[in-house]
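Engineer: I have a structure here, written as structure tokens, and I will follow up with some questions on it.
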Amino acid sequence: MKMVLSVWFSIVVFAVCLCDTAFAQTMQEEIAQLKEMISRLEGRLARQENKAVEVEKIAHGAERQISEFINYTPGEGVEIKPAGLAIGAGGTFILQSSAKVNGDEYIDKNRNASDASYSMDLEFGKTFDDYGMAFLHLETGSGPGIDERLKVFSPVNRDADDSDSGVSVTEIWYEHYFKFMPLTVTFGKIDPTAYIDTNAYANDECRQFLGSVFRNSPVIEFPDDNTAGIRAAVEINSFMDIEFISADADADWKDVFNNMFVAGQFNIKPDIFKKKGNYRVYAWLNDKNHIKWSDSLKDKERGYGLGVSVDQEIADAVGVFARYGWQDPEVYAQDAEYSLEQSWSAGVNLSGKAWGREDDVFAIAFGQAKPSGDYKKADEFKAKTENHLEFYYNYKVNENLSISPDAQVIWDPYGADALNTDKSIFIAGIRAQVDF
């Protein structure tokens, strides 16, 4: 019996040893296979890493080459340089509402109104080394805005472009820089408001004040539209320059030397305690036929005037501006219903830097448009001074979008001579500016 048990014990031990040996051999084979697989994966990974490095080198090279030709700045568009074009595009959308529109046709009607308008600008510019530049500005839009329902001396939506979405060439000009003297000459279809009576804080209806009285002085009789013209600018030094402009006053491109708008502006640009400013003085003449208020037979008179436009930074986040204009009160253009003699405006511009939003702006301004004394005498109009108050907050949502709530109050609209003789009108609005 003991012998039998010993034999069975020996067989079991031998079998266990055989199993252990087979298991160990299997494990070794599997481990070897895993090592081979890992080795292949490591090789593949290394090849992928090498390929990624090569791709990155190519990408950096292409990016470097592209950056020498194209630059994109959010909110400012694509700039192709210097062999190509600088391109910019933007859209402006405006909604304005009033409970008391005062147009003559609404005297017996519902006087609540909410009107919208939009405009789109597409600009192309190309520089030619250090001697010149060409510029093309295309524009379209639709909607006259709420101004169509108001009777006022100065409109409240300067941006409205009621062209029924038809595209027009707003500007196209060439500018040349002379090397032997600090002279710049611009000619083509130009915008005179871009050169005369300009202002750092009140000269852009797409981002600043919407009211026309704050965009430019309403007593300057600019040409009827952007038109054929030439402009010359001389930079006397870094603190002083002079500009002259001559353009077709009736903007019909016919007999351009018979009806001329000419203007000159002198600008002093001081740096006061490292705060920049502009102090402009200008004079203008409009050679279109004008009629004398006191004698309608004198219908070939000229219009002329003068004014000042000032903007001054007074702190890192604070700027102020002011305008004053005067024109000959005795005459009026043949297609005009009234004439203004004086206008002034002043305002404050606050950068959002003061409250932690550096790109935001809050601004407020007050202005007046005063009718001509001769106009008031002609038909015994009451014609009081029209008063404007406007404030807006430009909230920058992102690099491409800004939203601006805007409010305007007008006292004695149309000098209180409109059929709807409201003492005041309130206009609430909102503007969205999209830059590509």
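Engineer: So between Ala315 and Tyr395, what do we pick up on full extension, going 0.36 nm a residue minus the alpha carbon distance? Mind showing how you got there, number by number?
Structural biologist: Details: separation 80, 0.36 × 80 = 28.80 nm, distance 2.07 nm.
Extending this stretch completely gives an extra 26.7 nm.
Engineer: Any idea how far apart Ile230 and Met133 come out in nm if each label point goes 7 Å out from Cα toward Cβ?
Structural biologist: Between Ile230 and Met133, the label points sit 2.1 nm apart.
Engineer: While we're here: Would you mind checking the pairs Lys100/Lys151; Lys292/Lys384; Lys288/Lys376; Lys275/Lys353; Lys292/Lys376 and listing those with alpha carbons more than 19 angstrom apart? The partial results should precede the final answer.
Structural biologist: Values: Lys100/Lys151 11 Å; Lys292/Lys384 21 Å; Lys288/Lys376 22 Å; Lys275/Lys353 16 Å; Lys292/Lys376 13 Å.
Result: Lys292/Lys384; Lys288/Lys376 exceed 19 Å.
Engineer: Now, a different point. For the stretch 158-195 and the stretch 333-387, what is the centre-to-centre distance using only Cα atoms, to the nearest Å?
Structural biologist: The distance from the Cα centre of the stretch 158-195 to that of the stretch 333-387 comes to 25 Å.
Engineer: A further question on this structure: Return the loop-located trypsin sites (Lys or Arg not before Pro) in the stretch 214-307 (DSSP other than H, G, I, E, B) with at most 15 other Cβ atoms within 10 Å of their own Cβ; answer none if there are none. Walk me through the numbers on the way to the answer.
Structural biologist: On the way: sites: Arg215, Arg231, Lys254, Lys274, Lys275, Lys276, Arg280, Lys288, Lys292, Lys298, Lys300, Arg302; in loops: Lys254, Lys274, Lys298, Lys300.
Passing sites in the stretch 214-307 are Lys254, Lys274, Lys298, Lys300.
Engineer: To the nearest 20 Debye, how big is the dipole of the stretch 146-293 about its Cα centre, given +1 on the beta carbon of each Lys and Arg and -1 on that of each Asp and Glu?
Structural biologist: Working: 16 positive and 24 negative charges, 158 e Å.
In debye, rounded to 20, the stretch 146-293 gives about 760.
Engineer: On a C-alpha basis, how far is the centre of the stretch 247-263 from the centre of the stretch 298-326 in Å? Whole number, if you could?
Structural biologist: With the stretch 247-263 and the stretch 298-326 each reduced to a Cα centre, they are spaced 23 Å.
Engineer: If a/c stays under 1.5 just call it rounded; otherwise compare a/b with b/c (prolate if a/b is bigger, oblate if not). Do that for the stretch 204-302, with a ≥ b ≥ c from the square roots of the Cα gyration tensor eigenvalues.
Structural biologist: Values: a/c = 2.13, a/b = 1.78, b/c = 1.19.
The shape class here is prolate.
Engineer: Per-residue HN-Hα couplings for the stretch 264-279, Karplus 6.51 cos²θ - 1.76 cosθ + 1.60 at θ = phi - 60°, whole Hz, x for Gly and Pro?
Structural biologist: Values, residue by residue: x, 9, 10, 10, 9, 10, x, 10, 9, 6, 6, 10, 7, x, 9, 10 Hz.
Engineer: Now a separate question. Along Cα→Cβ, 7 Å out, is where each label goes; now give me the distance between the ones at Lys384 and Ala346 in nm to one decimal.
Structural biologist: Distance between label points: 2.2 nm.
Engineer: Packing-wise, with mean Cβ within 10 Å as the measure, how do 361-372, 312-323 rank, highest first?
Structural biologist: Details: 361-372: 21.5, 312-323: 18.0.
Top to bottom by mean Cβ count within 10 Å: 361-372, 312-323.
Engineer: So for each of 327-333, 350-356 I average, over its residues, the number of other beta carbons within 10 Å; can you give me the resulting order with the highest mean first? Don't skip to the end; give the middle numbers.
Structural biologist: Values: 327-333: 21.9, 350-356: 14.3.
Those peptides, ordered most packed to least, come out 327-333, 350-356.
Engineer: While we're looking at this one, here's another question. In the P(r) worked out for the stretch 352-394, what percent of Cα pairs fall beyond 13 Å? Present the calculation step by step, with values, prior to reporting the outcome.
Structural biologist: Numbers: 601 of 903 pairs.
Summing the P(r) tail past 13 Å for the stretch 352-394 gives 67 percent.
Engineer: Let me ask another. Can you give the accessible area of Arg357 in Å² (nearest 10), computed on protein heavy atoms with a 1.4 Å probe?
Structural biologist: Surface open to solvent at Arg357 totals about 80 Å².
Engineer: Return one whole number: the accessible area per residue of the stretch 175-255 in Å², for a 1.4 Å probe. Don't jump to the answer; show the numbers that get you there.
Structural biologist: Working: 3370 Å² over 81 residues.
I get 42 Å² per residue for this part.
Engineer: What FRET efficiency, computed as 1/(1 + (r/R0)^6) with R0 = 41 Å and r the Cβ-Cβ distance, is obtained for Tyr177 and Lys353, rounded to the nearest 0.05?
Structural biologist: Efficiency for this residue pair is about 0.75.
Engineer: Treat each spin label as a single point 7 Å out from the Cα along the C-beta direction, and report the Ser114 to Ser294 distance in nm.
Structural biologist: Here the modelled spin labels are 5.1 nm apart.
The values are calculated or read from the model by the stated rules, or taken from the named source; none is laboratory data. Everything numeric in this text was worked out from a predicted model, so none of it was measured. Ideal geometry is used to build each Cβ from the backbone, glycine not excepted, and the neighbour counts take in all protein chains shown. Please note that ligands, DNA and RNA were not included when accessible areas were found on the heavy atoms of the full protein model with its side chains. Shrake-Rupley method; radii C 1.70, N 1.55, O 1.52, S 1.80 Å.
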